[in-house]
Structures are given as C-alpha cells and as structure tokens.
Amino acid sequence: MAEIITELSKLGNTTPMMQQYVDIKREHMDYILMYRLGDFYEMFFEDAVKASRELELTLTARDCGDDRRAAMCGVPFHKVDVYVARLVEKGYRVAICEQTEDPSAAKGLVRREVIRAITPGTITDGSMLADNRNNYLAAMYYTEEYPAVAFADVSTGQVYVTIPGDAQDALRLAQSEIGNYAPKEVVLNLNSAESNDVVQWIVFRSDALVTDNMGHLYDENKAYELAVKCFGEEKTKALPKQHLLAIGALLGYIQLTQKTEPTFLRDLHIYTGEQHLELDQSTFRNLELLETMRDREKKGTLLWVLDHTCTAMGARELRNWIRQPLRKVAPIVSRQKAVEELFGNFMLRESLRELLSTMLDIERLVAKAAFGSANARDLRSLADSLKVLPQIKQLVGDTKCNHLQLIWLSLDPLQDICKALDEALVENPPLTIREGGMIKGGYSQEIDRYREIAAGGKEWMHDIEEREAAATGIRNLRVGYNKVFGFFIEVSKGQSHLVPAHYVRRQTLTNCERYITEELKEMENTVLSASDKLCALEYEMFCQLRDMVDAHSARVQKTAAVIAGLDVLTSLADVAAKNNYVCPEVDDSDIIDIRDGRHPVVEKFTTGGYFVPNDTKLDTKSNRLMLITGPNMAGKSTYMRQVALIVLMAQIGSFVPAAEARVGVVDRIFTRVGASDDLASGQSTFMLEMTEVASILQRATKQSLIIYDEVGRGTSTYDGMSIARAVVEYTASPKLGARTMFATHYHELTELEGICEGVINYHIVAKKRNDDIIFLRKIARGATDDSYGIEVAKLAGVPAEVVKRAREVLKDIESEGSVAPAKRLMPKAEDVPVMDMFTALRQSEADEIADILRHTDLDTLTPIEAMNLLFSLKKKLSTN
C-alpha cells in the first residue's frame, strides 16, 4: 500500500479526488480508510481488497489518473456502523473520512477529514459492543525494572490502575491484570520486534490487538497535562511516574483516535494490592469465574449463576465485583447488609427490578453524547431511561441499612436533563440527524413556522385555491404539489377555456391541465428553502441538546454507577432467595468453617436438583492442610473449587450456598488444578505445573487460600510423590502455614497426619459393590482405603478383558511387591485351551458367578441386597 501511495504522489495527472484520498491515507497507513463519496463510504487499493474479502463486497475499480485504475468497494452511509463493527471484530483498525463542509457551499473539491478512528479498544457505539461486558483498552509502559499498565473503557469513561506493593511485584501484577481485564487492545511504548516475555505473553495469551511502537505517546509532561484535565491534580499527583506515563499514553491514544479531548474519562479508580482479593490468571481460569475453560462461554460459570441483573451497567459491574473481590471486612459487611435487606423484602426487590429493567444503557449513551456520535434516538432513549429515577430513589429512601441509604443520598434523579430532552424530542426520532423530524411540534415557534411552510403551506394553498376559483369562475380548480413538478394549479379540460392568460401550462394529463403562476413559483422557492432551513434549525437545536447532555455527563456517569451498584445488590439478593443461600459471617479471623456447603454452579446441573453438601473446616493452626484422597470422578476437584468459590462469593458481599458459613478473609486464592501443555510458550504439562507451584510457594501468605489438585502427577511416580510430599510439608509448615486443600492419589502422603502439624486426612466416600463403585460424593475424616482405579476404568467403559487383566496384575503387585516378567503379558492365543461352545459357555458362566461372589462384601450386605443377589445368580443359572 505504501508503495502505491508513493507512486500515485508522483503522478502528474492524479484526479483531485484521488489526490485528496492519497493525502489523507498517508496519515492513516495502519487503518482501513472509509472515504465518504455521496451516499457511500468508499475504500481503495489494498483497503478495498481486504474489505471486499472480509465483508463479501463486490470489488470494482475507479480511474485515478494517467490511465491508472484503483480497486474500489463501498458501503452505504446509513449502514456503515454494521460494516465497521465486522471489520473491527476481525482485528482491523478503521478510519472514517467525512465531508466536513456543505457540498453546495464548497468551491471545488469538498473538504474531507478523518473525524474518528475505530480500533478494537476505542469503540464507543453500543451497537458494536456486548451490553454485559466492558470493552477495555490497555496501555503498558514497559521497562524491565518496573512495567506499569492502565486500563480504560472508552464507552463508559472509566479508567483503572493498580499500584503494586513493590517493583519486584510489578511484572507479575501487570501480567495478571492483562489476563483478568482481558483488554481488546494493548498500546505499547516499544516495538514488538524488541521481543520480551511480556510482549510474547500478550500476543500468545490474550485476544488483544497489540498497537506497538507508540513511544511518542509516553511523554511525562503531556501525560501530566492530560491526566490533570481529566482527573484533577490531586489524583494525578498520587500516581507513580510509570503509571502516570501509562495513563498519559492511554488518554493520548484515545484523543488520537476520537479526534477530541478525552475529558469525558473522569472516573479514575486507583487500587492497591491491599484493597482486593488477588486472583492470578490461572486461578481465574480454573475457577471458571467469567467464562468456561472448554468453550469460553458464560453458561457454566459463577457469573452465570449470580447474574440476575436488569441493566447493562449492572451486568458489567457484577463482572467487576467478581474480578475484584474485597479484602476489608467493613465494606464486605456493608454490602451484605444491603443484600440482606433486599433479600428479606420481596416487594421492594421486585419493584426495583421492574423499574431497573426499563432502563437502557445510560452509561454508554452519555459517552456517545460526549464524543459527539449520539443521534436523536440515543437522546430519546436516555430521556426515557431517566424517567424512572425518581421512583427508584423513592423506593430506596424507605430502606434502613447504611449502604442503601448511601445509594439514596448519591442518586441524582437528573429530572432537569430528562425534562429538557423529553420536551424537545419526538417519541420516535429518525436515525439521521441532518434531515429533520427530531424536534416536537410546539417546542420552537421558528421550527413550527418553517415546518408548516415546508409541509406545503396547506392554509396558503387553500387560500389561493379559493381566490383563483372566484377570479376565474372555474369551480373545480385545485392547487396541488408533487416532488416532480412542484406546485401547480389543476383545471379540468372542460373548464380549460376559462384559464386566464397569465397561467403557464406545465403538464397535460388525460382529464386535466396543470399550470403555474409567478406566485406559485415564488412559493415553491420559499418552501424548498424552508425545508433546508428547517433541517438546519433542527440540527442546531439537536446539537444544543447533545452539548447539554455532555455538559452534565459527570452527573449522568455518577448516577449510572449508583444504579449499577444497586442492580448488582438486587441481583445477589434475588439469587440468594431463589437458590437457598445464607449470609456468611465474614471476619478477620483465620477460620473457614462451612456447614453443608454446595458448589454454586454444579448444583445447577445436578440431575433431580439434589447436590450432596459437604462441610469444611480450615484455619492456620491445627487444620491448616486438608489432605484429600479418593478415586477419580469422586468429586475431589469439585469439592475444592466449591470452597474457593464460597470464599470468593463471601468476599464480594454475596450470600453463599451453605447451611451456615464463617469466612475469615483471605488475601489471595491460588489454584493448581488440571494439566495441559502450554504449546504457545513451549512448556510441557509438568513444567507448567511446577511453574504454577513455584509461583504459589513464592507468593502465598498465611492469609491465603491454596488449592492443590494432584501435584506431581506429570512425572515418574517416585519423583512426583517426593515433590508432592515436599510441597505439603512446606505449605503446612509455620514458614507458610496457609489454609490449604491438597488432593492426591499418592496414598503414602496420608502418613503425614501426626508428623506434620496441621495436616488432616480426608477422603471422598465411595462404596464398592461387587466390581462396581458408587460415589457417595461425601467427604469424611481419614484416608481412603482403596484407590478404586480399576473400578473407575470399568465405569469409563474400558473393555472387560482389560479390566480383568488389570485385576490380575494388581493382585500380583499386592502379593509380590512387583509384577513378575512372565505375568506382564496377556496370554497368547495359542496358549488358550480349545473348548467347544457349550464348555466355553459353562466355564464363562462359572467364572462370572465366582467373580461376583469373590468380590461381594458380606459384612456390608443388607438382607434385601442378599436376596437380590441370590435371585440374580439363580436367574443366570436358569437361563443357561
């Protein structure tokens, strides 16, 4: 593309239009340039080829001078947002080049400029975004000593930055934040060719578009100036230099793409590590908080269970609460009290939900107004949504808890804005803003006058009709108007002999003649000019309304945030009521004590609606580490994730799925769960597992909650068991002493109870019946008595011959301590004695019955089970 632009620039006979295009394209080489021509946005050269392929558009060509033709394709102006959304979704940047002067007033070529650039991280149009999730843009200032990252959602005006405790923690925090915020675009101060771990991690581990080589945006003076404009001097001074540079680049990039000052972004959230429970990306993924690991869908996640929100703002805020649970007891309890009051007052909760459900996304609507992209329909939607605010405020005013009372005090009903918009705008405005039809009749006398004239001046037409009929004696004379011939006087052919000389024939029809007069010509000019003036006046008045909304955008943003928080609290109360949750006791102790806890997600999929509940008791003293054994598929992983989710739910202020719960706040949750190769970074299953274990042991504190699931299984048995034991000993030791759940198949580790202080054995109860196994899903004290591996293999559908051979090998190992060489192979076909069919059937029948009896546990067999067993054995004999 650059070569074509350079070559065209040298041509002597390039058309003026194409020269203008080349000049604009040269400034936007990384973008697909949509160039406004009449009613279409056209693309040329490589942009046209890409767009035609991605959007399935017809590719044509256009002369551009000196017998050259440029590839070209285009989209209708009124559908441009649809096509832009598709391109941005595919990872392209798009620049919109618009006519910036009236073609009728232009001297020569109409002036055009890029009015906005759309990238994956800078979308402001709600129709191009998912309602229930934020669209984050990230800017990273990377140095090896101290990388810093900041995030913004341009569509809502929110900016986030987390300050690490020290420089050593900065890289890990930056990586974790990018993973958890999942930005759509990351702006970097260096070129991605300067390869480093962070750039590779962004490219390989996120779906973000990387916009690199943007070092010119990371200027300290410009950053400070922009930050002060948006957030004020007090907040700006609180930022470390690295984070100030990241925020400055963020604001500078938004200014670059939106072609306007980014002052709409006023809501800066500065966090420190002490404010929120920390979740690394591994834990975020393993607990399936916002999306499932397999399909990356919402269904099957904690968000899916808790999301009963009624507004788009509330849905996004709930995601933020889940992503950043609280660490301080006071704000947690404050949220709990609000949920508790809404939980206990069904009528209040349902009334609020009914009102909230009528509200549209005022947060994004006001953002569109601030960036100048809102149309009349957007402002009408804003007005309709604001109408319910006084009723919501009145309902919340009757509550008692401090948190809800604070919401009542903070909720601005915005009645002045609502009134101004409601009085001015029609109920169903058009999508376009330059063709009139937006302002209500009676709102402006001047608009009403021009509207009457533009509509054809019906009274004026009637007056002329009566006057001309009386003057000419033509009783059926009629004055009319159409778009082709304008105004006319229509006379039937039978009366045409009465037409006066000053009438000028304009059209002959079958039954009549149509004429014009000088008076009609003058009126036609007046009407046509009135239409233009009407459209201009309506547009001017609309812009005043939009500017008014922009001027009050800070108020609307604050109210949107208050409504979002209220919606989340109402959602949590509704979920608690419908799912039989309880309010947990949250304190600063080291105790996690849960009675009859349930997995909030898995219980939703349980057949018959019953989930087996389990108790949990952890502290940093005598119950530091639960060493959990039991067969695969018994529910160990589900149980451990359940505890982690209950703790997390408690720390966002939610009720929890249990009969009773006490949760001493944790500072971090770590999970080492599952096994999968990380091919992108070249790590094997075992290497990835050890990397995660190392991270946990280095970063966990006594206040953390750690979930280990089968550590050491990715290597040889003895190596794995040694590593697993060492990890248990270190984690349970006073050096760390964090509350820990450790699931393992290394039964040898159960001897650590009594040796390592704080290690307690637990197992998942399973009942063996003959060769079958029944998982009771109940956790109990003590180690398991068997691994049940062969029974699980049978349950999974492994062929009976293989299962039988496995039992023989197991018997040899248990009796001899190893497998004798001669017995390691399955018997060869020629070694099997030849029998006739009848003998084979009898032998098989006898073996089967003997096997059943051999594996029957008479000590646990109930009388009814014994009768059923005898009946089944007799039936086998009688059938043969």
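Tabulated values for the structure
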| item | result |
| --- | --- |
| Label corresponding to mean projected area of the Cα convex hull in nm² when calculated from the structure given, among (1) 43.1; (2) 45.4; (3) 57.8 | (3) |
| Helix axis angle, 717-732 relative to the chain longest principal axis, alpha carbon, degrees | 70 degrees |
| Charge tally in the Cβ shell below 10 Å around residue 404, where Lys, Arg are +1 and Asp, Glu are -1, residue 404 excluded | 0 |
| Alpha carbon centroid spacing (whole Å) that separates region 60-113 from region 591-641 | 60 Å |
| Of 229/328; 298/578; 50/184; 440/533; 222/259, those spanning more than 24 Å from alpha-carbon to alpha-carbon | 229/328 |
| Acute angle (nearest 10 degrees) that the helix 636-652 long axis makes with the longest principal axis of the chain, alpha-carbon atoms | 50 degrees |
| Sorted peptide list for 440-449, 411-420, criterion being average Cβ within 10 angstrom, highest first | 411-420, 440-449 |
| Listed residues 64, 583 arranged by accessible area, highest first, probe 1.4 Å | 583, 64 |
| For residue 79, solvent-accessible area (1.4 Å; no DNA, RNA or ligand), Å² | 100 Å² |
| Residue 307 - accessible surface, heavy atoms, 1.4 Å probe, Å² rounded to 10 | 30 Å² |
| Accessible area (Å², 1.4 Å probe, nearest 10) - residue 92 | 50 Å² |
| The chain - percent relative contact order, Cα under 8 Å, separation 6 or more | 9 percent |
| Estimated 222 nm signal from helices in the chain, with DSSP H stretches of n ≥ 4 weighted -39500 (n - 2.57), rounded to 500 | -14000 deg cm²/dmol |
| Prolate/oblate/rounded call for region 471-609, Cα gyration tensor, a/c under 1.5 rounded | prolate |
| Accessible area in square angstrom per residue, region 431-495, 1.4 angstrom probe | 61 Å² |
| Probe 1.4 Å, protein heavy atoms only - accessible area per residue of region 598-658 in square angstrom | 29 Å² |
| Nearest-ten-degree value, helix 312-323 long axis tilted from longest Cα axis of the chain | 30 degrees |
| Kirkwood Rh in Å, taken over all unlike Cα pairs in region 105-190 | 15.0 Å |
| Three-way shape label, region 510-573, alpha-carbon gyration tensor, a/c 1.5 | oblate |
| Check: the chain dipole with +1 on Lys, Arg Cβ and -1 on Asp, Glu Cβ, in debye | 1120 debye |
| Spatially proximal aspartates and glutamates relative to residue 393 (Cα-Cα < 12 Å; intrachain offsets below 8 disregarded) | 412 |
| Fraction of accessible area attributable to carbon and sulfur, the chain (%, probe 1.4 Å) | 52 percent |
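The values are calculated or read from the model by the stated rules, or taken from the named source; none is laboratory data. Note that this is a predicted model, so its numbers are computed, not measured. Reconstructed Cβ throughout: ideal geometry from the backbone, glycine too, with neighbour counts over all protein chains shown. Calculation scope for accessible area: heavy atoms of the full protein, side chains included, ligands and nucleic acids excluded. Shrake-Rupley method; radii C 1.70, N 1.55, O 1.52, S 1.80 Å.
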